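Asker: The structure under discussion is supplied below as structure tokens; questions concerning it will follow.
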Amino acid sequence: MENIAPHASRRQFIKTSAVAAAASSLAFPSVTFGKPDSRKLKIGWVGCGGRGSGAINQALKADSNIELWSVADAFQNQLDKGVQQIKALHEGKMSLGNRQFAGLDAYQKVIESGVDVVLLTTPPGFRPQHIKAAVDAGKHVFCEKPMAVDGPGVRSVMASIEKAKKQGTSIVDGYVWRWTYSQRDTFKRILDGELGEVRAVYSNYNNNARQRYAEWNRQNTKTDLEWQLRRWYYFNWLSGDHVVEQAVHSIDKLMWAKNDQPPASCVASGGRQVRVDAEYGNIYDHFAVEYQWADSTQGYHFCRQMDNCENGVFDRVFGSKGMYYGESGRKHHVFVDEGKLKWRWDGRVNDGYQTEHDEMYAAIRDGQPINTGDRMIKTTLAGIMARMAAYTGQRVTWEMALNSKEQLGPDKLDWDMKLPVRPVAMPGTAATITPHGWT
């Protein structure tokens, strides 16, 4: 992505990706943009873990003329498990034949298998590469959050977003609260000015310790790469750390309240207080972030993954005419002013995980594919800059995060490669911030 200007600004954020896309010499494939599409749509599913199994289940329920055509996962046993789960629910919508691929290049085989839609639910570290391959092949894309784990990945996804716009193919995100009616109704009112001028925004995502992959350890995995992929959540090159992988849902609502305007900068703290064993890789277990917007709006985000602690996923927006208080996943969304109730949401409850697929396939059928790329990549970068700030102890600007040269993962993967774990970041010593970004 050398075509990205070294000093890109927030205003240039989307413009730079358009330039990168225009510079591409690849021809755009023929698509049905602008025309109704009544074909039986073939889905390729890449990444057969828990969220992936949920997403493909929802995709297969979203349209009556659709089929699961091909499947990929790095591991054969994970692929087999995922296929069996979905077969129990949608046997009549599966036509896999010999199009079940395991291995590090399995995603490419799915893309080349004749699919119309690619569903990307692998660990996030692979997302930019997979998005690029699917968009370059002219496929509609559903991609789970986040869309990258570092600056080079963000810039790659930006170029793919612009290419998908030009060729008229879908890019639909998995930021689930954007697809729930309660949050949509609430944030529309906020953006319409019902709370007046937004002055501060708060969110938290405090959860348990995420004890994953109990069956996998360094003794029963053969190589460095297998061990890290089996326990991908705990390695920042694969997950981005939990502020990017999980809590980014709540950061997404900070961004939404500011109409997706990028923050100018952030400072953050974080660390490993209880997640101290080597089996938990190199990620933190808590973060605290302060965002600053150019108009002086402040944003505050807190996230924690520790057992036996107070949990919650709450949001607050403070405006000149009142305050919003909401709890994700529940109907509790209210506006108050000077202690008095101004408004309470009382609409129809929906499953955002299902709606994101329902609306995606309805739009494809109408010949007007949805591209939510601009907002999804901004939120992803907002999460990444929070991690950068916490890891280094430095103030990180939007430009620093956007132009960061640090690539967390290796260029190429091989099952037998040596892949040492990066040390846990120590603020003040982990990296050097320069005017050009993170080196």
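The values are calculated or read from the model by the stated rules, or taken from the named source; none is laboratory data. Model, not experiment: these values are computed from the prediction. Please note: Cβ atoms are built from the backbone with ideal geometry, for glycine as well, and neighbour counts cover all protein chains shown.
Asker: Check residue 305 against each of (1) of a type in the set (S, T, N, Q); (2) over 27 Å from residue 352 (Cα atoms); (3) in contact (Cβ under 8 Å) with a residue 12 or more places away in the chain and name the one condition it does not meet.
Answerer: If we test residue 305 against (1) of a type in the set (S, T, N, Q); (2) over 27 Å from residue 352 (Cα atoms); (3) in contact (Cβ under 8 Å) with a residue 12 or more places away in the chain, just (2) comes out false.
Asker: Given the structure, is residue 53 touching a Ser or Thr at 6+ places or on another chain (Cβ under 9 Å) and on the phi < 0 side of the Ramachandran plot?
Answerer: On the way: touching a Ser or Thr at 6+ places or on another chain (Cβ under 9 Å): yes; on the phi < 0 side of the Ramachandran plot: yes.
Yes.
Asker: Would segment 234-257 turn up any residue that is basic (Lys, Arg), more than 23 Å from residue 307 (Cβ to Cβ) and buried (at least 16 other Cβ atoms within 10 Å of the Cβ)? If you could, list the steps in order and put the result at the bottom.
Answerer: Residues of segment 234-257 that are basic (Lys, Arg), as a first pass: 253.
Within this subset, residues satisfying the condition of being more than 23 Å from residue 307 (Cβ to Cβ) are 253.
Retained after the next criterion (residues that are buried (at least 16 other Cβ atoms within 10 Å of the Cβ)): 253.
Yes, segment 234-257 has at least one match.
Asker: Pull out all pairs, ordered by first then second residue, where Cβ-Cβ is under 8 Å, the residues are six or more apart or on different chains, the first lies in segment 185-201 and is under 21 Å from residue 251 (Cβ atoms) and part of a helix (DSSP H, G or I), and the second is among the β-branched types (Val, Ile, Thr) and modelled with pLDDT of 95 or more.
Answerer: 190/198; 190/317
Asker: Among the residues of segment 317-328, is any in the same structural domain as residue 257 (by TED's automatic domain parsing) and out of contact with any strand residue (DSSP E or B) (no Cβ under 9 Å at 6 or more places or on another chain)?
Answerer: Applying the first criterion (in the same structural domain as residue 257 (by TED's automatic domain parsing)) to segment 317-328 yields 317-328.
Filter once more, so that each one left must be out of contact with any strand residue (DSSP E or B) (no Cβ under 9 Å at 6 or more places or on another chain): none.
Among the residues of segment 317-328, not one is in the same structural domain as residue 257 (by TED's automatic domain parsing) and out of contact with any strand residue (DSSP E or B) (no Cβ under 9 Å at 6 or more places or on another chain), which makes the answer no.
Asker: For segment 204-228, what are the residues that are surrounded by 15 or more Cβ atoms within 10 Å (Cβ to Cβ), in contact (Cβ under 8 Å) with a residue 60 or more places away in the chain and farther than 20 Å from residue 242 by Cβ?
Answerer: 224, 225, 226
Asker: Provide a single number: the residues in segment 202-235 that are more than 30 Å from residue 326 (Cβ to Cβ), of a type outside the set (S, T, N, Q) and in a loop (DSSP other than H, G, I, E, B).
Answerer: If we filter segment 202-235 for residues that are more than 30 Å from residue 326 (Cβ to Cβ), which is where we start, we get 213-232, 234-235.
Filter again for of a type outside the set (S, T, N, Q), leaving 213-216, 218, 222, 224-227, 229-232, 234-235.
Applying the additional criterion that residues be in a loop (DSSP other than H, G, I, E, B) yields 213-216, 218, 222, 231, 235.
Selection size over segment 202-235: 8.
Asker: Starting from segment 99-119, take each residue that is crowded, with 19+ Cβ neighbours inside 10 Å and list its partners that are among the basic types (Lys, Arg) and at pLDDT below 95, counting only C-beta distances under 8 angstrom and pairs at least six apart or across chains.
Answerer: Matching pairs, first to second residue: 116/39.
Asker: Only one residue in 155, 231 is in the same structural domain as residue 365 (by TED's automatic domain parsing), touching a residue at least 24 places away in the same chain (Cβ under 8 Å), over 30 Å from residue 35 (Cβ atoms) and buried (at least 19 other Cβ atoms within 10 Å of the Cβ), so which one is that? Walk me through it before giving the result.
Answerer: Numbers: 231 fails: in the same structural domain as residue 365 (by TED's automatic domain parsing).
Every option except 155 fails the conditions.
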